[in-house]
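Values in this text are rule-based calculations from the coordinates and carry no lab data. Worth saying up front: this structure is predicted, and the values here are computed from it rather than measured. No Cβ is skipped: glycine too gets one built from the backbone with ideal geometry, and neighbour counts run over all protein chains shown.
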There are 2 protein chains.
Amino acid sequence: MSIGPKQALYAAFASVARALGSQHRLEIVEHLAQGERGVESLAERVGLSIANASQHLQHLRRAGLVASRRDGKYVLYRLADESVLGLTAAISGVAERHLAEVDRIRRSYFDDRDGMEPVSREELLRRTREGLVTVLDVRPLDEFEAGHLPGAVNIPLSELEARLAELDPDQEIVAYCRGPWCVLSFEAVAALRARGFKVRRLEDGLPEWRAAGLPVEGA
Amino acid sequence: MSIGPKQALYAAFASVARALGSQHRLEIVEHLAQGERGVESLAERVGLSIANASQHLQHLRRAGLVASRRDGKYVLYRLADESVLGLTAAISGVAERHLAEVDRIRRSYFDDRDGMEPVSREELLRRTREGLVTVLDVRPLDEFEAGHLPGAVNIPLSELEARLAELDPDQEIVAYCRGPWCVLSFEAVAALRARGFKVRRLEDGLPEWRAAGLPVEGA
DNA sequence: ACATCATTCAATTAATTTATTGAATGTAAC
DNA sequence: GTTACATTCAATAAATTAATTGAATGATGT
């Protein structure tokens, strides 16, 4: 018995969904949204062995979600196109609206008592035009160099405590990182607030900024 | 060692993706996009045992993709909200663009030699205002009754051959069914073309029409 | 051409997920 | 209250998928 077109199509669609049905692969996708990356550095950041990370990348590639190219001895992976970002946003959007678990996590970890409500892209654009705001990128240096918001200052979260002097205590700060659920900017806001800085988070990260067609510097 | 918020969040997001990572569950979602449905009739249409369909529905509910309510002795399931349709569209969009398999299926089954290019919603709206077109809904009667395009005629695909007399051979026909990948309208177009009718497919189905905010009749 | 080394493949084991069955639950009708 | 019946739960076996390891591949640079 031959399978009909409907079964074959749904099998193909399901393979795309299954490819994103893994914690590790979602995290890999978030990192690739920042820019191209090799297997080794991805493996390190996601906390997987190289062989294991390679497997997951193959899986993502078979599902059409990532593409790769060789550069010298390295193979660099990237997202297949910007619609992959839209797909992950759709997933987290459904999760955010309908999973009690997500709400619980937000409440317990991303405590938003002290005005943790994010700044929208539009608002940030207005404020930067008026020169009223320091835009702070708390991602690692290499991600910053691969592209960042115009005029942004880079202080990776891990170096934040040591480099407080670089920030003007009198100006408002807007921090951002990899995406709407990236923890770096949450922690940066908490740390800077504790030291008296006036700081808020951008509602999402660099990939969404770029996807919205806004200008990116240093790419 | 406690897991961080990042791991917990990604686990939640992955569970949403995994819930759609099954042929059967994707098909269930397509049916639910037409309107509320009970376990038994869903099981029958998707070709699963009742207990198995119930399991899949629980899985979808845990992932926040469907909701349910009781009506008498029946439990009726529905999509959690219209963003679920956007999520499945994002999945099929990626698959369509990047999976060679999908292209192959389209070529071999949905042969578009004879001008099979679909009619857009906008074009259909224009043509119906001019009264130039018969809108044909080829879904089963109960789905038609749960909501259909304004002025549409319902002839389920299974009855099409027997009810050809109801169609005006001189007027152009636009056929639609459950969604962009629903096979019913493809087959209806092929069958009607073979009999000399001038017929094309709508680019997608009723759920997308409704999601676009266009008027729906009989709901 | 050879040595080096990042990456992928292949094979094994462990872990999850699926389908299936029969029993349990809960609502409606009598 | 009891019966009938749709649905869900629980338990099992079958199937699929994930992680891990060591070997193979293939491009680079000398």
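General observations
- Residue match in segment A:177-195 (condition: away from chain B (no Cβ under 14 Å) and touching a Cys at 6+ places or on another chain (Cβ under 9 Å)): yes
- Just one of (1) within 14 Å of DNA strand C (Cβ to nearest atom); (2) surrounded by fewer than 19 Cβ atoms within 10 Å (Cβ to Cβ); (3) touching a residue at least 60 places away in the same chain (Cβ under 8 Å) fails for A:GLU82. It is (1).
- Within segment B:1-34, being touching a residue at least 24 places away in the same chain (Cβ under 8 Å) and either part of a helix (DSSP H, G or I) or closer than 17 Å to A:ILE28 by Cβ (or both) holds for B:SER15, B:VAL16, B:ARG18, B:ALA19, B:HIS24, B:ARG25, B:LEU26, B:ILE28, B:VAL29, B:GLU30, B:HIS31, B:LEU32.
- Checking each residue in segment A:1-32 for being buried (at least 22 other Cβ atoms within 10 Å of the Cβ), within 26 Å of A:ALA146 (Cβ to Cβ) and among the small types (Gly, Ala, Ser) picks out only A:ALA19.
- Residues of segment B:23-78 that are touching a His at 6+ places or on another chain (Cβ under 8 Å), closer than 18 Å to A:ALA95 by Cβ and charged (D, E, K, R): B:ARG25 alone.
- Between A:SER22, A:SER41, A:SER49, the distinction of being hydroxyl-bearing (Ser, Thr, Tyr), farther than 24 Å from A:PRO180 by Cβ and under 22 Å from the mean Cα position of the chain (by Cα) belongs to A:SER49 only.
- Output for segment A:165-194, where each listed residue is part of a helix (DSSP H, G or I) and surrounded by 14 or more Cβ atoms within 10 Å (Cβ to Cβ): A:VAL183, A:LEU184, A:SER185, A:PHE186, A:GLU187, A:ALA188, A:VAL189, A:ALA190, A:ALA191, A:LEU192, A:ARG193
- Pairing each residue of segment B:118-132 that is free of Cβ contacts under 8 Å to residues at least 24 places away in the same chain with any residue that is of a type in the set (Gly, Ala, Ser), provided the two are 6+ apart or on different chains, yields C-beta distances under 7 Å for B:THR128/B:GLY151.
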